[in-house]
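This report concerns only the one structure given below.
The values are calculated or read from the model by the stated rules, or taken from the named source; none is laboratory data. From a predicted model like this one, the values you see are computed outputs, not experimental measurements. Cβ: placed from backbone, ideal geometry, glycine included. Neighbour counts: every protein chain shown.
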Amino acid sequence: MAVQCLKNKDLRHGSFDTPGDAHYHTAPMSMPSERPLDAVELARSEARVEREFQVAAFDRLLDRLAEPAGHVNARAQFRQAGRWPAARLAVTAEVVLTCQRCLGPMRRALASEAEVVFAEEGAPGLPEGSETVGGDPHRLDFAALVEDELLLALPIIPQHDAGEACTLPTGEGDEIDASDTAQMRRPFAGLKDLLKH
């Protein structure tokens, strides 16, 4: 199995500094992140791609965050899925979101895994439960694929968890506990008892 961290400018598929067709099994040096990947060749050699990005590098993701802080780790194990190139993609990140209850910042760890197949949606012979990635599989934008997965991993309504302190949007330093907000949302909770008298 070939391991490619895609960090060498002139890395050739199938060999690095070893003769013949032997695969290079340790992490090569740095390669520009904007260089497209050939998913077909990576799947054929069952290569593993590991990359680290800064959160600030993802424009679409930044629109959903409170701060451009944090980093992203991505790993893709490529393989053949029948006639199609495919990969098992795993993405983890720590980001700063805006709590929709108090409008204050909140840190969240994101983690997502997906089986992706580089084929058009509806193509014949697709593995069940896989996600399709269209376009030219010989020119895969790996960073865009990682960003798509991060966007899917974001909570629909970010909120502090129970037990975490929410800072009120007044900015006066008042705090509420997220576990208390359930009672705050029931202003008529005692009305039933009053009607009994």
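Could we say that ALA90 is outside any strand (DSSP E or B), in the same structural domain as ALA123 (by TED's automatic domain parsing) and under 14 Å from the mean Cα position of the chain (by Cα) here?
No.
Can you name the condition, by its number, that CYS99 falls short on among (1) crowded, with 16+ Cβ neighbours inside 10 Å; (2) touching a helix residue (DSSP H, G or I) at 6+ places or on another chain (Cβ under 7 Å)?
Looking at each condition in turn, CYS99 falls short on (2).
Please find, within segment 134-163, the residue that is nearest to GLU41 (Cα to Cα) out of those that are part of a loop (DSSP other than H, G, I, E, B) and in contact (Cβ under 8 Å) with a residue 40 or more places away in the chain. Walk me through it before giving the result.
Just the residues of segment 134-163 that are part of a loop (DSSP other than H, G, I, E, B), to begin with: 134-136, 141, 154-163.
This time we only want the ones that are in contact (Cβ under 8 Å) with a residue 40 or more places away in the chain, so: 141, 154-155, 157-160.
Numbers: ASP141: 14, LEU154: 31, PRO155: 35, ILE157: 40, PRO158: 39, GLN159: 42, HIS160: 44 Å.
Going through the qualifying residues, I end up with ASP141.
Which count do you get for residues in segment 36-46 that are outside any strand (DSSP E or B), buried (at least 20 other Cβ atoms within 10 Å of the Cβ) and in contact with a helix residue (DSSP H, G or I) (Cβ under 8 Å, 6 or more places away or on another chain)?
Of the residues in that region, 1 qualify.
Pull out all pairs, ordered by first then second residue, where Cβ-Cβ is under 6 Å, the residues are six or more apart or on different chains, the first lies in segment 55-72 and is within 15 Å of ARG107 (Cα to Cα) and assigned by TED's automatic domain parsing to the domain that holds GLU147, and the second is outside any helix (DSSP H, G or I) and of a type in the set (D, E, K, R).
Here the result reads GLY70/GLU94, each pair linking segment 55-72 to a residue that is outside any helix (DSSP H, G or I) and of a type in the set (D, E, K, R).
Just checking, how many residues over segment 67-79 are modelled with pLDDT under 95 and surrounded by fewer than 19 Cβ atoms within 10 Å (Cβ to Cβ)?
Total meeting the criteria: 4.
Would you mind stating whether LEU126 is assigned by TED's automatic domain parsing to the domain that holds VAL49, at positive phi and assigned to a loop (DSSP other than H, G, I, E, B)?
In short, no.
Answer yes if at least one residue in segment 101-112 is under 15 Å from ASP148 (Cα atoms), in a helix (DSSP H, G or I) and either in the same structural domain as ASP148 (by TED's automatic domain parsing) or not polar (S, T, N, Q) (or both), and no otherwise.
No, segment 101-112 has no match at all.
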